[in-house]
1. Got a sec? Which of I77, I84 is surrounded by fewer than 18 Cβ atoms within 10 Å (Cβ to Cβ) and not hydroxyl-bearing (S, T, Y)?
2. Take the range 94-118 and flag every residue that is assigned to a helix (DSSP H, G or I), within 22 Å of E136 (Cα to Cα) and out of contact with any Ser or Thr (no Cβ under 8 Å at 6 or more places or on another chain).
3. As an exercise: evaluate A149 against (1) exposed (fewer than 15 other Cβ atoms within 10 Å of the Cβ); (2) at positive phi and give the number of the one condition it does not meet.
4. State the number of residues belonging to the range 124-146 that are among the charged types (D, E, K, R), surrounded by fewer than 20 Cβ atoms within 10 Å (Cβ to Cβ), assigned to a helix (DSSP H, G or I) and in contact with a helix residue (DSSP H, G or I) (Cβ under 6 Å, 6 or more places away or on another chain).
5. Name, by its number, the condition in (1) at pLDDT 95 or above; (2) within 22 Å of the chain's Cα centre (by Cα); (3) outside any helix (DSSP H, G or I) that does not hold for F159.
Amino acid sequence: MRFALWPLLLFGSDQVPLTAAPELLRPWTKELRDRQPDDAFAVVYQVGSNRLVFVAAQHENRRDSLTFRMINAAYAITTFDTVIAEGFPTSWGPNPSRILDYVTKNPVRNGFTEGGETVPTALGARQQGAMLVGGEADDAQIERQVIEAGASGEDLLGFYTLRAIPQWIGERKIADAGDPSLAALVEKSLDSNRAALGLPADTLPRYLDWAAWYEAKNGKPIGADFVTEEVGPLSDGDYKTNRIAVLVARARDAYLHNLIISHLNKHENVLVVFGASHLMIHRPALDRVLGHPCFAGTDLREANSLCH
């Protein structure tokens with residue numbers, strides 16, 4: 001009980017800010033993956049008079065999905081000061097126009113939206129007047145940490161493009177990684193990521209170079225048998241691309257943890273919408289800093305009666 005109470009008792013004092021604990025972020029393993037719920041879920045922490053609501057999303061594109069419903073429910077039970085969303089950097093500033101323009105142009109039609117959970121997240125923040133910020137570090141910061149840990153710029157570029165494949169499938173741009181349309185998407189992604197990472201033009205310049213990089217890493221040609229697990233940050237995963245993913249994930253999750261705590265130290269109500277694996281990774285660190293959550297589950301309406 002000691003860890004559950006001390007943050008609540010002391011947080012009201014400006015002299016005792018919360019201390020982030022990124023060293024307690026949990027490694028992503030097969031065992032942890034198998035313990036993750038099959039669908040979206042959430043936790044709520046009561047931090048003095050403020051709340052942290054963390055919606056652990058399944059990356060969905062349908063309005064009737066549990067992820068979309070839980071995001072809407074979060075806005076129904078709490079008025080937020082700050083909303084932290086996955087997929088774009090904090091350095092884009094508060095309420096970035098490129099995100100708000102994107103979700104406006106990608107509304108839900110026939111129950112489907114290409115923009116995924118970013119759409120209800122951003123639109124809900126705008127409706128409440130909350131500050132929407134990205135929960136990602138800049139590419140240069142991630143690149144520096146990953147290369148210092150032993151990966152190459154080529155590996156990072158190849159991985160950044162590879163990890164987009166599940167998104168392209170979800171957006172119905174390709175049926176699977178054997179789709180003939182993959183090559184054009186890969187080349188566009190390589191150009192964009194190469195520029196963002198500041199890598200030379202001859203780093204994986206074309207689709208065939210990237211495909212050769214992939215086969216050298218994972219021991220098979222890119223094709224319909226690609227599985228999402230290949231881009232997961234599994235520390236005990238079966239693919240060499242998992243090793244790169246681990247380095248990227250460590251840097252991303254440490255940044256996100258510090259960002260969350262910094263906003264709570266401003267006495268704000270904070271909503272975080274990130275993929276479900278991130279919450280599994282973050283729980284030990286958040287529990288140490290904030291105490292145990294007052295709510296964990298899928299029906300966020302219960303949080304109002306459980307969290308005071």
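1. Just a single option satisfies the conditions, and that option is I77.
2. Those that are assigned to a helix (DSSP H, G or I), within 22 Å of E136 (Cα to Cα) and out of contact with any Ser or Thr (no Cβ under 8 Å at 6 or more places or on another chain): S97, R98, L100, D101, T104, T118.
3. Going through the list (1) exposed (fewer than 15 other Cβ atoms within 10 Å of the Cβ); (2) at positive phi, A149 breaks only (2).
4. The qualifying residues number 1.
5. Going through (1) at pLDDT 95 or above; (2) within 22 Å of the chain's Cα centre (by Cα); (3) outside any helix (DSSP H, G or I) one by one, F159 breaks only (3).
Conditions tested, residue by residue: (1) under 17 Å from G87 (Cβ atoms); (2) free of Cβ contacts under 8 Å to residues at least 40 places away in the same chain.
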site: I142; (1), (2): yes, no
site: E148; (1), (2): no, yes
site: G153; (1), (2): no, no
site: G170; (1), (2): yes, no
site: G178; (1), (2): no, no
site: S181; (1), (2): no, yes
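So that you can scan it fast, the table gives a plain yes or no per residue for (1) modelled with pLDDT under 95; (2) in the same structural domain as G170 (by TED's automatic domain parsing); (3) not hydroxyl-bearing (S, T, Y):
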site	(1), (2), (3)
V47	no, no, yes
R51	no, no, yes
I77	no, no, yes
T82	no, no, no
G87	yes, no, yes
R109	yes, no, yes
T113	yes, no, no
A122	no, no, yes
R126	no, no, yes
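The values are calculated or read from the model by the stated rules, or taken from the named source; none is laboratory data. Just so we're clear, the structure is a prediction, and the values are computed from it rather than from any experiment. All Cβ positions, even for glycine, are placed from backbone atoms using ideal geometry, and neighbour counts span all protein chains on display.
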